[in-house]
Amino acid sequence: MEIGISHLPVSPSRALRLAQIAESTGIGRFGVADSSHLFGAMYPTVQLILSRTARIKVGPFVTNPVTRHPSVHAADVAALATLYSPDRLALVMGTGDSAVHSVGLRPAPAEQVGAALRTIRGAAPDGVTLELAASGPKAAAAMAAGIDGLVLGGGLSASWTRRLTGAAGPAASARVFLIGHLVEREDEAARAREAVRASVLAVARHAIGTGMAARDVPARLRPGLEQAFARYDFAAHAKASGANGRLLDDYPEEEAYLFERFAAVGTAGGVAERLRAFQRETGITGAVLSSTVPDPESHIALAGERLIAALGP
């Protein structure tokens, strides 16, 4: 199973340092989030990392066709592929979430995402990886020839994952995105969970915030989750100290469910056991862990040095 890292590029130099740790410990991919209004410039950060690493695959994770026109993406990808090696570039595109909502725009329809990826494929040299991000079957159905795989935002729900991969088609390879926080010891897990509460809520709101009845969410949990999602503040998106981290204070069962489905928090051995079991159920080929934690250096090193080893060949 391939392990990748996703990072919010508040500081390009910090992003570079984390990508270098990822590369040195055997992680194959480093994704740079694209929410420029909230977290800073994505493509310059990608170029900086490419210029100062040697092997790791780098690129937007996740970008969208709304805040940048597909032709702009295509030109940037083609230029980076010329400056560096095409097989080191990986772009993941979805409908848009915090990037579009934070500036008053609306996410793209699924068909627009598929068309944007086809535009980029037409300009990108052979070897560039293009993937489709999907949290629902309509988005997954935008999978088409020339797109290399899926990144699934529906969490560790086997039935929902099978529905998404089924909508994409039998040949689609798929990786799952999770909010990650790896720790050395089990007694550190409670503090780790507290640090990523806001991030877990953020990814869950995007994945299951609408149509919960059809998205494999237990009926008893839907009212509480609906109330929490309705109060979500995009100005505090994924910020541990923001108001979103407190939205589930009165809903402990709902919070436990979101962590079980959308998070990978704990020791490398414990997380590896969950990922292996999920892979057996669904056939996923990899997992991408976020790096929005107090000590991302340690988290990424644990992913490279221990999680990959615990997952085995």
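Only helices enter this figure: runs of n ≥ 4 DSSP H residues, each worth -39500 (n - 2.57), summed and divided by the residues of the chain, yield -12500 deg cm²/dmol at 222 nm to the nearest 500. With contacts taken as Cα pairs under 8 Å and at least 6 residues apart, region 220-307 reaches a relative contact order of 22 percent.
Is region 35-128 rounded, prolate or oblate when judged by the Cα gyration tensor, a ≥ b ≥ c being the square roots of its eigenvalues, rounded requiring a/c under 1.5 and prolate requiring a/b larger than b/c?
Details: a/c = 2.43, a/b = 1.41, b/c = 1.73.
Note, shape of region 35-128 comes out oblate.
Annotation for Thr210 and Ala145: the two label points, set 7 Å from Cα along the Cα-Cβ direction, are 3.1 nm apart.
Accessible surface computed residue by residue for the chain, with neighbouring protein chains in place and a 1.4 Å probe, gives 40 Å² per residue.
For the chain, the share of accessible area belonging to carbon and sulfur comes to 52 percent (1.4 Å probe, ligands and nucleic acids excluded). Region 72-120 and region 191-257 have Cα centres spaced 27 Å apart. Residues His299, His69 ordered from highest to lowest accessible area at a 1.4 Å probe: His69, His299.
Once C-alpha pairs closer than 8 Å and six or more residues apart are averaged by separation and normalised to the residue number of region 13-92, the relative contact order reads 31 percent. In percent, rounded to a whole number, the relative contact order of region 199-256 is 36, using alpha-carbon pairs under 8 Å and six or more apart. A dipole drawn for the chain from +1 and -1 charges on Cβ atoms has a positive end, and of Thr67, Gly266, Ala19 the residue lying farthest that way is Thr67. Near Gly59, the amide H atoms lying under 5 Å from its own belong to Phe30, Val32, Ala90; only residues 5 or more places off or on other chains count, and H is placed 1.01 Å from N. Rounded is the label for the chain, because a/c, from the alpha-carbon gyration tensor with a ≥ b ≥ c as root eigenvalues, stays below 1.5. The charge dipole of region 243-304, taken about its Cα centre with unit charges on the Cβ of Lys, Arg, Asp and Glu (plus for the first two, minus for the last two), comes to roughly 360 debye. If you plug the beta carbon distance of Ala79 and Glu253 into 1/(1 + (r/R0)^6) with R0 = 35 Å, you get a FRET efficiency near 0.10. Here each label is just a point 7 Å from Cα along the line to Cβ, and for Val72 and Thr285 those points are 3.0 nm apart.
The values are calculated or read from the model by the stated rules, or taken from the named source; none is laboratory data. A quick note: this is a predicted structure, and the numbers were derived from the prediction, not measured. When we count neighbours, we look across all protein chains shown, and the Cβ atoms used for this are built from the backbone with ideal geometry, even at glycine. The protein model used for the area step is the full one, side chains on, heavy atoms only, and it has no ligands, DNA or RNA in it. Shrake-Rupley method; radii C 1.70, N 1.55, O 1.52, S 1.80 Å.
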